[in-house]
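Beneath this line is the structure, given in structure tokens, with notes to follow.
The values are calculated or read from the model by the stated rules, or taken from the named source; none is laboratory data. Everything numeric in this text was worked out from a predicted model, so none of it was measured. As a convention, Cβ positions derive from the backbone with ideal geometry for all residues, glycine included, and neighbour counts pool all protein chains shown.
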Amino acid sequence: MIQIKDEFKKLIPALTAEEFKQLEQNCLDEGIREKIITWNGFIIDGHNRFEIATRWNLEYETEAKRFKDENKVKEWMINNQFGRRNLNNYQKSVLALELESVISARAKERMLSGNPSQTFDKGRVDEKIGNIAKVSHETIRKVKVIKAKASEEVKEKLNTGEVTINEAYKDIKKEENKTNVINLELQEVQTKSHTAILHNVDCLNYLKNLDVEIDLLITDPPYFTDGDFTIHVLNYLNKVKKTGQAYVFASADPQEVLSYIKLKPMNLQLEQILIWNYNNGGQLQPKTRYNSNYQICFYYRGIDAPQINKPTDGKQQYACQTINAPDGRIGDRYHKWQKPNELIERLIKNSSNIDDFIFDPFAGTSTTLVSAVKLGRKAEGCEIDIEAVKISNKRGVQNAIWRYTRI
């Protein structure tokens, strides 16, 4: 009696729906031409043909093969698949990795019988697996990571060739880097005396609840491509103390810059237009203009504001700050228009003191709030995007249940 062993069946890369349909039609037209191969009664080649034959009551022949053990069976099955099917590198690597335990055991046996003092070289095992799959040992290493950490959806896309091994691996490493960066940041934030608070509300609706004047406002509102938010910004600028300061980021679009220049806050005056320059942006080359690799930052000072806290490094007081944008490859980029921690920390150091109150009405993933708490300031902000709020929570920012009054 023919049996199916799941451990053997999983070694056979699944046919696509179209491939199975074509095989089924061929079997109906021509019969089951190839023998179904078995070992100790278990199918080791012909699972799909056996399924079709059973469904349609078709005749078939079998051939029993003899092998020493299951490991030898697996080796035969895998080599048989390599010889009969057009598999992509991911499928071949996954199949070959089924032999990892066998190859490792043999390598250890040879090591112990030859030179017991020699250390076991895992890299050589990957190399041997790669030789079986006809891929590099580096590809095998990447596929190991993918097998352990990728979602089933990604694995399916790898099977169909929709995603490459390198693409899937890079995505996994990006997420790992992001997790590592966030965890380190969280640990640092949790050791500080103040807690960053985020209100998941529209900042204009929250304005009436902000009954504390702001020492320092730092914000990065949506750009004019998403609408005109200058009135929102003006309302918060009017909440800044006469002794306070403010930084408002904007795109380099002339109309947007002009709109912000026209704002007249009650207690502040526009002191300077600063530039944040970054040289790691995309390489898209517009046809009618220059590629923009900078953003504007409007610097406001209260009419009674003290002098800037001059940093030890005078470069931190340059009107043009050149700092690379956050980079997803190293894990510190959480959303599209995020500002680098280093830039925001410089502004906070220059324009506030310990225990000052810092507010960001367009907090995003809370770079301003996190940077403020790291530097011993109190910090609050607003953000309506729930996904940004979730990332903020991972960075150590707490959701607001009541107003933040911690001293």
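Summary of values
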{"quantity": "Residue ID - modelled with the highest pLDDT, chosen from residues in the range 47-91 that are surrounded by fewer than 11 Cβ atoms within 10 Å (Cβ to Cβ) and among the polar types (S, T, N, Q)", "calculated": "Asn57"}
{"quantity": "Filter pass, Gln317 being at pLDDT 95 or above, within 20 Å of Lys339 (Cβ to Cβ), assigned by TED's automatic domain parsing to the domain that holds Tyr236 and among the polar types (S, T, N, Q)", "calculated": "no"}
{"quantity": "Residues within the range 231-245 that are touching a helix residue (DSSP H, G or I) at 6+ places or on another chain (Cβ under 9 Å) and either more than 12 Å from Thr219 (Cα to Cα) or not in a helix (DSSP H, G or I) (or both), tallied", "calculated": "5"}
{"quantity": "Checklist (1) in contact (Cβ under 8 Å) with a residue 40 or more places away in the chain; (2) not in a helix (DSSP H, G or I) applied to Val189, failing item", "calculated": "(2)"}
{"quantity": "Residue match in the range 217-228 (condition: among the polar types (S, T, N, Q), modelled with pLDDT of 90 or more and crowded, with 17+ Cβ neighbours inside 10 Å)", "calculated": "yes"}
{"quantity": "Those residues of the range 318-330 which are crowded, with 20+ Cβ neighbours inside 10 Å and more than 23 Å from Thr225 (Cβ to Cβ), in sequence order", "calculated": "Gln321"}
{"quantity": "One residue from Asn57, Asn48, Asn26, Asn89 being out of contact with any strand residue (DSSP E or B) (no Cβ under 9 Å at 6 or more places or on another chain) and closer than 27 Å to Val145 by Cβ", "calculated": "Asn89"}
{"quantity": "So Val94, is it closer than 22 Å to Ile43 by Cβ, among the β-branched types (Val, Ile, Thr), in the same structural domain as Asn40 (by TED's automatic domain parsing) and modelled with pLDDT under 90", "calculated": "no"}
{"quantity": "Test: residue in the range 209-218 that is over 23 Å from Asp355 (Cβ atoms) and either touching a residue at least 12 places away in the same chain (Cβ under 8 Å) or not in a loop (DSSP other than H, G, I, E, B) (or both)", "calculated": "no"}
{"quantity": "Selection status of Lys310, surrounded by fewer than 20 Cβ atoms within 10 Å (Cβ to Cβ) and modelled with pLDDT under 95", "calculated": "yes"}
{"quantity": "Any hit, the range 199-212, residues being within 30 Å of Leu270 (Cα to Cα), crowded, with 16+ Cβ neighbours inside 10 Å and among the β-branched types (Val, Ile, Thr)", "calculated": "no"}
{"quantity": "Filtered residue count, the range 235-254, keeping only those that are under 34 Å from the mean Cα position of the chain (by Cα) and in contact (Cβ under 8 Å) with a residue 12 or more places away in the chain", "calculated": "9"}
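Conditions (1) buried (at least 19 other Cβ atoms within 10 Å of the Cβ); (2) under 13 Å from Thr195 (Cα atoms); (3) not assigned by TED's automatic domain parsing to the domain that holds Ile214, marked per residue:
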site: Glu345; (1), (2), (3): no, no, no
site: Asn353; (1), (2), (3): no, no, no
site: Asp360; (1), (2), (3): yes, no, no
site: Ala363; (1), (2), (3): yes, no, no
site: Thr367; (1), (2), (3): yes, no, no
site: Val373; (1), (2), (3): yes, yes, no
site: Gly376; (1), (2), (3): no, yes, no
site: Glu383; (1), (2), (3): yes, no, no
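The rows are residues; the columns are (1) touching a Ser or Thr at 6+ places or on another chain (Cβ under 7 Å); (2) outside any loop (DSSP other than H, G, I, E, B); (3) in contact (Cβ under 8 Å) with a residue 60 or more places away in the chain.
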site: Pro311; (1), (2), (3): no, no, no
site: Ala325; (1), (2), (3): no, no, no
site: Ile330; (1), (2), (3): no, no, yes
site: Lys336; (1), (2), (3): no, no, no
site: Leu343; (1), (2), (3): no, yes, yes
site: Ile348; (1), (2), (3): yes, yes, yes
site: Gly364; (1), (2), (3): no, no, yes
site: Ala372; (1), (2), (3): no, yes, yes
site: Val389; (1), (2), (3): no, yes, yes
